[in-house]
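K.L.:
Below you will find the structure I want to go over with you.
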Amino acid sequence: MIARLLAAWAEVVITRPRAVLVGLGLVTLGACVCLPRLRLAPDVNAFLPEGDLGIALHGAAGPGASASRELFVLLEGEGIEAKLPALGESLRASPYLERVAVTRDELFGELRTAAAETPLAWLPEDALRDLETRLAPAGRRRALEAGRAAFASDPLGGRELFVRDPLSLRRILSAAGDTLVPAALRSASPYLIQREGTLALVSVRGKEEPTRVDFSKRLLADLEERLDSVRPAFFGGYATARADATRIEHDIRSSTIASVVLVLLFLLVTTRSFVLPHLLFVPVALAIFYALAYGGAWLGPLTPLAISATAILTGLGVDFTLHYAERYAEARRGSDHAGAVRIASVCTGRASLAALATSVAAFVCFASGSFPELRRFGALLALGLVAAFVTTMTLFPLLARHARAAERGAPPARVVALARRFVAWPRAGWLVALALAASLVGWGLVLVHGLDFDADPARLRPADDPAALAADRIQAALGFTPLPVLVLVPAERSLDDVAAACEELRANGDVALVHGAVAGHVSADRRARAQAFRARTANWVEDTLADLADAGLQPAPFRAGLEEWNARFSAELDDEASHATVSVAGEPHWRVAVHPTGDLNDAAHRATVHATLRRVFPDARLVDPYGLSELVLPILEHELRRALLWIAACLVVLLTAFLRRPRAIALALLPVTAGFGILFGALIVLGIPLHPGNVIAVPLILGLGVDDGVHLVARWLENRGDALTATGSAIWRTSCTSALGFGSLITAASPAIASLGLLVLIGVAATFVTSLFVLPRVLVGSSPSRASSRA
């Protein structure tokens, strides 16, 4: 039935060329209409799987949080403190920001405000003892003497301060309040100044999510303009989004141009023709145009990885035209144009359709998982391959009718003659056995050792990534992680227990800063301690006024200030507002944000911190922006195994439909099976991991390997001459065009894209060797009739 459909389509192309051209024109016109809807919108979340609660919590850095919109700005320069007030005002005028924190009170206001409202509940034990000592008779006298001395040395400035705080209570509370702020930022300055005084930290919050790359670029450009007098370094989602988008867009443009140029140059050299390579490229270029236009309208905004399918389609799409052109030129030597089109459309079309079906099935199976980015990538590749097959079967016959270069075809490749001599070599069987043994060893390593997976985002970015470098500088300046680890504790656990656990973490130096649900919470023990303090110092105001009178001062002016201090000491914080919970999987949880000390980008230290947090909060869920890879990794492994199983099943079903004979199916799968064994073995030996950036190489290599095997076995089944001679040149050229198309990715600045190119290059080389040297040797001594008799 497939042969009849291909033959019928060939008749339409032969007898009604104008109608075919009109149809292509209408499809092209529709693509022109859809093309303006194509949008490039890099979305970081598209690289993360859907449907997982842990990943969903990371999407906004935790429920109820806006940490994903936090941006830290490190400012460096001499006299930076004097410039901060003006810089802060300039930042507050930005239309892209909803919050600016320049001072310590603004950044740590939640903690310091709670401490100011109820100081007795927040003072450490030693500070509370110092305060009680100060309110005792001897302490009051010493403080009044020191206050009078300060007032005498500065009558103008010191009078109001002495009247409002004659016992200098503010010094005790200020010193204790500084303990709530990380040590690296302790300073007499109200700003976030590092101890050396040359670095300042500013925190801002954007109005939109950083996954909107256009907004991220505008925001950072605005900040750079406002901060042009200092040297700003940015850390946060906005900086990462801009850096990733800029780098990947450059990689895609350069690799696409390079792949087209390299493939075209290769075809110009190997076909020894100027016209034929361009004839081969026209259907492919049209297919890429259709894929981008209709894919953009269908799939919505495309990320750079999806757009990279254009470079890949350059190498994959030309496979159809190469095989068709070679078969057409062969048939043209003994037939007219119409006869050659019929032969090429039915014979090559059948094998190409089988290769197309298996490749599309591989992409669909792989892209049907939970990673949105891989879904778009696979869908765009599948659409492009279908378009390349259709344009080859439709447009190339029309172009070949008026081109003598298509009649002559390309000269045989020298590598085919080398392969024929190898197959005829008596000792070739030993080398073939060695290659198959290497493949078996590779599969054995997979079974014993397993493939290495790594979802660490650091591997997806170059070492000199500006956002990563800024993050290292900011973290080194702070001494703790600027982004918090969210600890979501079930609300059934009392907040007193949660607060006590946080105090333990701070006391042990495991975390530098804690806020969230516990920021305004006062435990029962602290309340009891405050009540006992008030009982022991109940009459301190009247006693102080009496001390002032004894010292010869009028007590009346001091009463208001002392009463204000007493009101703060007597305040009981109603902190129910800070007890708001967040819902996780339908259950209420306390949301606690902790900033651990050390570098959480280090996997070993991150594991230690996680173990510590889980020891203190055994029933909590951790949302760590630095440990996202630990959630993605098991999902990635599961998705790959599931996809490979579905791909294997689809391959068997599709090849059964096209080849029918079990021996022929096994032979067609030999190149890809052996090639994958060699590839996986090489990955394990070389220590190259699979990650979200390069895992898409698996269906790509599978499609290439099956394509070569199907064409060779399909020609062998025709029993018309030597299958290697007939298809070897096309397999050589398709393998080289694919290698060149992907090889252009190796020079990409993004390690993820470069790794994708490297994996495909290794896989193409492995499947090419098994297709052109191993499989033909296996076919020696076999005949299609024997395969048929066993079917």
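The values are calculated or read from the model by the stated rules, or taken from the named source; none is laboratory data. It should be emphasised that the depicted structure is a prediction, and the values quoted were computed from it without experimental measurement. Glycine also receives a Cβ, built like all others from the backbone with ideal geometry; neighbour counts cover every protein chain displayed. SASA here: full protein model, heavy atoms, side chains in, ligands and nucleic acids out. Shrake-Rupley method; radii C 1.70, N 1.55, O 1.52, S 1.80 Å.
K.L.:
Among the residues of segment 63-73, which ones are modelled with pLDDT under 85 and either over 30 Å from Val489 (Cα atoms) or outside any helix (DSSP H, G or I) (or both)? Spell out how you get there, then give the answer.
P.N.:
So in segment 63-73, the residues modelled with pLDDT under 85 come out as 63-70.
Selection gives Pro63, Gly64, Ala65, Ser66, Glu70.
K.L.:
Give the residues of segment 469-498 that are closer than 25 Å to Glu70 by Cα and touching a Ser or Thr at 6+ places or on another chain (Cβ under 6 Å), sorted by residue number.
P.N.:
At the first step, the residues of segment 469-498 found to be closer than 25 Å to Glu70 by Cα are 469-489.
Once the filter is applied, which keeps residues that are closer than 25 Å to Glu70 by Cα and touching a Ser or Thr at 6+ places or on another chain (Cβ under 6 Å), segment 469-498 yields only Phe480.
K.L.:
Looking at Thr392, Thr358, Thr348, which one is assigned to a helix (DSSP H, G or I), modelled with pLDDT of 90 or more, surrounded by 22 or more Cβ atoms within 10 Å (Cβ to Cβ) and of a type outside the set (Lys, Arg)? Break it down into steps so the answer makes sense when it comes.
P.N.:
Working: Thr358 fails: modelled with pLDDT of 90 or more; Thr348 fails: modelled with pLDDT of 90 or more.
Residue meeting the stated conditions: Thr392.
K.L.:
From the list Ala60, Ala86, which residue is aliphatic (A, V, I, L, M), within 28 Å of Ile248 (Cβ to Cβ) and either open to solvent by 30 Å² or more (accessible area, probe 1.4 Å) or at pLDDT below 90 (or both)? Write out each step before concluding.
P.N.:
On the way: Ala86 fails: within 28 Å of Ile248 (Cβ to Cβ).
Result: Ala60 is the single residue among Ala60, Ala86 that is aliphatic (A, V, I, L, M), within 28 Å of Ile248 (Cβ to Cβ) and either open to solvent by 30 Å² or more (accessible area, probe 1.4 Å) or at pLDDT below 90 (or both).
For every residue, the table says whether it meets (1) at pLDDT 80 or above; (2) within 27 Å of Ile753 (Cβ to Cβ).
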residue	(1), (2)
Thr612	yes, no
Val616	yes, no
Asp624	yes, yes
Ile635	no, yes
Glu639	no, yes
Ala664	yes, no
Phe676	yes, yes
Ala682	yes, yes
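K.L.:
Identify the residue in segment 749-775 that is closer than 15 Å to Gly677 by Cβ and open to solvent by 40 Å² or more (accessible area, probe 1.4 Å) and, among all such residues, is nearest to the chain's Cα centre (by Cα).
P.N.:
The qualifying residue nearest to the chain's Cα centre (by Cα) is Ile762.
K.L.:
Moving to a separate point now. Scan segment 518-553 residue by residue and report those that are within 29 Å of Leu505 (Cβ to Cβ) and of a type in the set (Gly, Ala, Ser).
P.N.:
Ala519, Gly520, Ser523, Ala524, Ala528, Ala530, Ala532
K.L.:
Quick one: Arg342 ticks every box in (1) of a type outside the set (S, T, N, Q); (2) more than 30 Å from Val695 (Cβ to Cβ); (3) open to solvent by less than 20 Å² (accessible area, probe 1.4 Å) bar one, so which box is it?
P.N.:
Evaluating Arg342 over (1) of a type outside the set (S, T, N, Q); (2) more than 30 Å from Val695 (Cβ to Cβ); (3) open to solvent by less than 20 Å² (accessible area, probe 1.4 Å) leaves (3) as the failure.
K.L.:
Need the failing condition index for Asp599 against (1) open to solvent by 20 Å² or more (accessible area, probe 1.4 Å); (2) assigned to a helix (DSSP H, G or I); (3) over 30 Å from Ser368 (Cβ atoms), just the number.
P.N.:
Among (1) open to solvent by 20 Å² or more (accessible area, probe 1.4 Å); (2) assigned to a helix (DSSP H, G or I); (3) over 30 Å from Ser368 (Cβ atoms), the lone unmet condition for Asp599 is (2).
K.L.:
Are any residues in segment 515-568 of a type in the set (Gly, Ala, Ser) and crowded, with 17+ Cβ neighbours inside 10 Å, and if so, which ones?
P.N.:
At the first step, the residues of segment 515-568 found to be of a type in the set (Gly, Ala, Ser) are 516-517, 519-520, 523-524, 528, 530, 532, 535, 538, 546, 549, 551-552, 556, 560-561, 567.
Gly516, Ala517, Ala519, Gly520, Ser523, Ala530, Gly561 - these are the residues of segment 515-568 that are of a type in the set (Gly, Ala, Ser) and crowded, with 17+ Cβ neighbours inside 10 Å.
K.L.:
Restricting to segment 89-124, name every residue that is polar (S, T, N, Q), open to solvent by 20 Å² or more (accessible area, probe 1.4 Å) and modelled with pLDDT under 90.
P.N.:
From segment 89-124, those polar (S, T, N, Q) are 90, 94, 103, 113, 118; that's our starting set.
Applying the additional criterion that residues be open to solvent by 20 Å² or more (accessible area, probe 1.4 Å) yields 90, 103, 113.
Selection gives Thr103, Thr113.
K.L.:
Looking only at residues in segment 467-481 that are surrounded by fewer than 18 Cβ atoms within 10 Å (Cβ to Cβ), touching a residue at least 12 places away in the same chain (Cβ under 8 Å) and not charged (D, E, K, R), which one is farthest from Leu613 (Cα to Cα)?
P.N.:
Filtering segment 467-481 for residues that are surrounded by fewer than 18 Cβ atoms within 10 Å (Cβ to Cβ), touching a residue at least 12 places away in the same chain (Cβ under 8 Å) and not charged (D, E, K, R), the one farthest from Leu613 (Cα to Cα) comes out as Leu469.
K.L.:
Could you list, ordered by first residue, the pairs with Cβ atoms under 9 Å in which the first is in segment 487-508 and in contact (Cβ under 8 Å) with a residue 60 or more places away in the chain and under 15 Å from Ala121 (Cα atoms) and the second is acidic (Asp, Glu) and surrounded by fewer than 15 Cβ atoms within 10 Å (Cβ to Cβ), at least 6 apart or interchain?
P.N.:
Every condition considered, no pair remains.
K.L.:
Follow-up question, since we're still on this one. Hey, does segment 31-44 have a residue that's closer than 19 Å to Pro210 by Cβ, surrounded by fewer than 17 Cβ atoms within 10 Å (Cβ to Cβ) and modelled with pLDDT under 90?
P.N.:
Initially, segment 31-44 is screened for residues closer than 19 Å to Pro210 by Cβ, giving 39-44.
If we keep only those that are surrounded by fewer than 17 Cβ atoms within 10 Å (Cβ to Cβ) as well, we get 39, 41.
If we keep only those that are modelled with pLDDT under 90 too, we end up with 39, 41.
Yes - at least one qualifying residue is present in segment 31-44.
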